[in-house]
Amino acid sequence: MSKIRVMIVDDQPLVRDGLRMILSLCSDIEVILTVSNGEEAVEACKHNEIDIILMDIRMPIMDGVKATKIIKENNAHTKVIILTTFNDDEFIFEALKNGASSYLLKDMASEEIVNTIKIIHLGGTVLHNNVAARVMGKITGSNEATQTVQPLTQRELGISRLIAEGLSNKDIAGRLFITEGTVKNHITNILSKLNLSHRTQIALYVVENKL
């Protein structure tokens with residue numbers, strides 16, 4: 001089984017070294033490089049196959065929000081996990097809009113960081129409730145200014161809940177005894193009805209609305 005190829009992006013050497021040390025203890029994760037700002041991250045993605053990026057938000061030269069947007073436009077397969085502090089709600093919101101898959105609070109336990117990387121790599125979703133509701137409030141507030149959401153069917157609601165539980169499309173298909181293609185079609189419909197852009201926002205919507 002191939003290792004999960006990770007890049008760490010943070011302007012603080014102590015954070016980069018600490019994360020590298022934590023991840024080096026995992027036999028199925030390989031830190032292929034570390035860089036100090038978003039511009040370096042964008043450039044690195046042009047020359048390296050990267051599965052997961054741990055992306056700081058506040059960095060000089062180019063911040064993590066802008067870097068996430070550029071990387072996702074050019075490397076759709078690469079998944080970005082935002083590294084943040086509790087007070088960065090607005091930046092998390094923008095990063096999620098730009099295609100980030102999840103976020104990590106910098107004071108999380110090492111096992112939570114590792115588990116988040118593995119779940120996101122498999123196509124699952126990870127949310128941390130102390131930030132999720134506040135971020136989703138911004139997303140839904142933004143949507144309400146332009147469009148009204150459409151009601152979900154019971155099947156769509158069930159799939160939305162499973163996404164919020166962290167299940168991948170493959171896991172959802174197995175749980176519901178349907179094909180993975182059918183799951184993808186349902187998710188497309190859910191995104192359209194809720195005026196959202198990707199599955200992480202579906203999970204945030206479930207958390208915010210206590211579905």
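Observations on the structure shown:
- Residue match in region 53-72 (condition: surrounded by fewer than 20 Cβ atoms within 10 Å (Cβ to Cβ) and hydroxyl-bearing (Ser, Thr, Tyr)): no
- Whether a residue is of a type outside the set (D, E, K, R), in the same structural domain as GLU112 (by TED's automatic domain parsing) and either more than 22 Å from ASP107 (Cβ to Cβ) or in contact with a strand residue (DSSP E or B) (Cβ under 7 Å, 6 or more places away or on another chain) (or both) was assessed, and ILE22 does not pass this test.
- The condition of being of a type in the set (A, V, I, L, M, F, W, C), modelled with pLDDT of 90 or more, part of a helix (DSSP H, G or I) and not assigned by TED's automatic domain parsing to the domain that holds ILE50 holds for only one of ILE178, ILE113, ILE117, ILE172, that being ILE172.
- Test result for GLU165, under 21 Å from the mean Cα position of the chain (by Cα), modelled with pLDDT of 90 or more and acidic (Asp, Glu): no
For (1) in contact with a His (Cβ under 9 Å, 6 or more places away or on another chain); (2) surrounded by 13 or more Cβ atoms within 10 Å (Cβ to Cβ), each residue gets a yes or a no:
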position: LEU152; (1), (2): no, yes
position: GLU156; (1), (2): yes, yes
position: SER168; (1), (2): no, yes
position: ILE178; (1), (2): yes, yes
position: ASN185; (1), (2): no, no
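The values are calculated or read from the model by the stated rules, or taken from the named source; none is laboratory data. The shown structure was predicted, so the numbers you read here are calculated from the model rather than taken from an experiment. Glycine also receives a Cβ, built like all others from the backbone with ideal geometry; neighbour counts cover every protein chain displayed.
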